[in-house]
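Remarks on the structure that follows.
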Amino acid sequence: MSDEEGSGKCPGANGESRVTYSRALRFWLDPANLAVKLRRAGPVVRTKNGPAVAFQMNDPSLIRKVGCTEDTFQFWGADPSLREVAGRGLPGSEGQAHRDRRAVMRPALSAPHLTDLGTSVWSRARGLLAEIPADRPVDMRFEMGRLVSGLVAECVLNSALSSDTLSALSRARSALSGGMIWKYALAPWPWVPVPRQRAFRRAVATLHEAAREVYDRHQPSPDGGDVVSLLKRASGDDQDVVLHDLHALLLAGIEATTGTLAWSCYELGRHPEHQEALRAEADALLGPEASADAVRTDLMPRTTGFIREVTRMHGIPFLVRRTRHATCLGGQTVPARAVVTLPLGALRRDPARYARPDDFDPLRWSPDASPPLSPNALFAYGLGPRYCPGAAVADILVPVALASLVHARTLRMARPGGTVRVSLELTPTPRGLSMVAAPREPSPVRPPGRSVPDRSVPDRSRRTNHPRPTPLSESDPL
């Protein structure tokens, strides 16, 4: 570290750095486009929303430096303001402790251990999708949260969650995610009331209960190599340690995946031609003539490309770090405890990399596209030492879940032309996405030799009490 970096002073830094003002509301309505506009202001831009000040990194080399340098830039999950959620689990640990916990899970979450995951997701998704009401519009964000919760619990954690817990966890996800945003953003001003604290505390309790249910109902794999078994052995069967890691796995597994599938539903409703193309691919893969080992994502290029385009357009727009001490970035002095943002959304809409960057075009990810695009440029799973340990799982679970959905249902907007709002959460999700998920006519035939576990389907009346989305109009305030 140079003397200038150690002192937090930048050589040649002259006076107060430029301030770019932006409204938080405008940011959450279209965060990627705002990031693009800020990017034109230089490699580092100081932004201000009310009392909050942040520094946006616009230079790719600075983005990698911040994302990969833990001794200077602290990951948001380790912030003391989030101890209630992160606790002693994976997100809240740092340095060697964090690397040790990742190493424990790595064998279970790596590609060699996931050869049967696609078939498992396909099998379980059928039962979960059958529980989506077909006779009325539904909130697709809630339904996708419920689907993902069940798939993560069963197919990744070798456990199960009751129907009521799946619904409660899906409802809690939004309050939990939004609450973490507010607690982190307002951490420097502890006297400022944090919005929706009661809802946040209830959501945390729901997450705790779900983690305990996963722990209690866990069924070890025959070789003992599943992730929960590995965590139990590494902790010496210390239940509290394992529960904290299960909190992290549930939250991380459900949060971004729910957003990806919900936005996928939104784009399928907007683009029926893509829905038909994905269905044709799913029918060929999951149809009666398919073999039991055919549920592989390398046989789903159209579905995989669709998800990559959804990530490009609607993925997490920013990663956030906080400086541990004053430092120098791009010729600007960044004080200690300052928020530093990495604008992934702006990189994903870079016209130098993507033709017509504001257009939704899944075919740009076709294997035959020229020039070919690399999915690594999306930073879908972060970067550096905080790269998502479950990336290989998500690369299988999300495409197979989406293929299962279009194989079984036809999606259409309940109110064409209605407004869908972007939620203020860790992963922005489509709020008010009311859709009809009609069963296909005729119903697709289940492939022979692929039995679905015998599970009782809960009475639909038990799932009619969750709040329905408020009808929206073009004139609704945002």
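The values are calculated or read from the model by the stated rules, or taken from the named source; none is laboratory data. Since the structure is predicted, the reported quantities are computational estimates derived from the model, not experimental observations. Every residue, glycine among them, receives a Cβ derived from its backbone with ideal geometry; neighbour counts consider all protein chains shown. In case anyone asks, the SASA skips ligands and DNA or RNA and just uses the protein heavy atoms, side chains included. Shrake-Rupley method; radii C 1.70, N 1.55, O 1.52, S 1.80 Å.
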Handout entry: Accessible area per residue, Å², the range 153-199 with all protein chains present, probe 1.4 Å
Key = 42 Å²
Problem - Accessible carbon and sulfur surface of the range 204-335 relative to its total accessible area, %, 1.4 Å - result: 53 percent
Problem - Equivalent ellipsoid, the range 190-231 (semi-axes from 5 times Cα gyration tensor eigenvalues, Å) - result: 35, 11, 5
Exercise for the section: Round to the nearest 10 and report in Å² the accessible area of residue 110, as given by a 1.4 Å probe over the protein chains' heavy atoms. Expected result: 40 Å²
Handout entry: At q = 0.10, 0.19 Å⁻¹, base-10 log of I(q)/I(0) for the range 108-241 (Debye sum, equal scatterers on each alpha carbon)
Key = -0.43, -1.14
Practice task
Could you rank 244, 208 by how accessible they are, 1.4 Å probe, largest area first?
Solution key: 208, 244
Practice task
Take the alpha carbon atoms of the range 252-320, find their center, do the same for the range 190-240, and report the distance between the two centers in whole angstrom.
Solution key: 28 Å
Practice task
Take the Cα atoms of the range 261-309, build their convex hull, and give its volume per residue in Å³.
Solution key: 76 Å³
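According to the Cα gyration tensor, what semi-axes, each the square root of 5 times an eigenvalue, does the equivalent ellipsoid of the range 104-171 have, listed from largest to smallest in whole Å?
Details: eigenvalues 128, 34, 18 Å².
Result for the range 104-171: semi-axes of 25, 13, 9 Å.
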Practice task
Would you kindly calculate the translational diffusion coefficient of the range 371-411, applying Stokes-Einstein with the Kirkwood radius from alpha carbon pairs, for 25 °C and a viscosity of 0.890 mPa s, and quote it in µm² s⁻¹ without decimals?
Solution key: 201 µm²/s
Completion exercise
Over the Cα atoms of the range 323-450 the radius of gyration and the largest Cα-Cα distance (Dmax), both in Å, equal 20.4, 64
Fill in the blank from the handout: Expressed in angstrom and ordered largest first, the alpha-carbon extents of the range 276-344 along the principal axes are 62, 23, 15
Practice task
Using θ = phi - 60° and the Karplus relation 6.51 cos²θ - 1.76 cosθ + 1.60, list the HN-Hα couplings for the range 322-338 in order, rounded to whole Hz, with x at every Gly or Pro.
Solution key: 10, 5, 7, 8, 4, 8, 10, 9, x, x, 10, 7, 10, x, 4, 6, 7
Exercise for the section: Using the charge dipole of the range 135-212 (Lys, Arg: +1 at Cβ; Asp, Glu: -1 at Cβ; taken about the Cα centre), state which of 192, 152, 137 has its Cα farthest towards the positive end. Expected result: 192
Exercise for the section: Along each of the three principal axes of the Cα atoms of the range 241-284, give the extent in whole Å, ordering the values from largest to smallest. Expected result: 47, 23, 7
